[in-house]
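K.L.:
Dropping the structure in here first, questions after.
The values are calculated or read from the model by the stated rules, or taken from the named source; none is laboratory data. This one's a predicted model, so the numbers in the text were calculated from it and none came from an experiment. Every residue, glycine among them, receives a Cβ derived from its backbone with ideal geometry; neighbour counts consider all protein chains shown.
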């Protein structure tokens with residue numbers, strides 16, 4: 001068995017054990033707290049991570065000219081320029097010829 005296969009085997013086993021452990025923990029937690037709604041909701045919020053913050057904001061980005069920027073306002077403007085014109089670009093590229101019921105329908109902007 002190669003080192004990579006051995007690693008994958010151990011990793012899969014650990015992931016399986018973690019899943020089983022979490023399942024057992026929450027089964028015990030909810031059976032113990034089934035009459036206490038406050039703790040039930042606390043457990044549910046713990047499972048679905050209600051308060052989890054997403055910090056996937058890019059810290060640098062290149063514009064259409066290839067210039068890299070780290071200024072948050074410029075990054076926001078690059079995203080705005082990119083995504084505010086997507087619908088117009090798609091509509092300009094696609095034309096619907098129609099079918100039996102709509103013989104000559106064209107999308108025009």
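K.L.:
I'd like to verify a number: residues in segment 1-22 that are assigned to a helix (DSSP H, G or I) and farther than 17 Å from residue 47 by Cβ, how many?
P.N.:
First, pick out the residues of segment 1-22 that are assigned to a helix (DSSP H, G or I): 3-22.
Filter once more, keeping what is farther than 17 Å from residue 47 by Cβ: 3-17.
Selection size over segment 1-22: 15.
Yes or no, residue by residue, for (1) at negative phi; (2) modelled with pLDDT under 85; (3) surrounded by fewer than 11 Cβ atoms within 10 Å (Cβ to Cβ):
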| position | (1), (2), (3) |
| --- | --- |
| 51 | yes, yes, yes |
| 55 | yes, yes, yes |
| 64 | yes, yes, yes |
| 75 | yes, no, no |
| 85 | yes, yes, no |
| 88 | yes, yes, yes |
| 96 | yes, yes, yes |
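K.L.:
When you look at residue 24, is it modelled with pLDDT of 90 or more, surrounded by 10 or more Cβ atoms within 10 Å (Cβ to Cβ) and touching a helix residue (DSSP H, G or I) at 6+ places or on another chain (Cβ under 6 Å), yes or no?
P.N.:
No; evaluated as a whole, the condition is false for this residue.
K.L.:
Against the definition (surrounded by 10 or more Cβ atoms within 10 Å (Cβ to Cβ) and touching a strand residue (DSSP E or B) at 6+ places or on another chain (Cβ under 9 Å)), how does residue 79 come out, yes or no?
P.N.:
Working: surrounded by 10 or more Cβ atoms within 10 Å (Cβ to Cβ): yes; touching a strand residue (DSSP E or B) at 6+ places or on another chain (Cβ under 9 Å): yes.
The answer is yes for residue 79.
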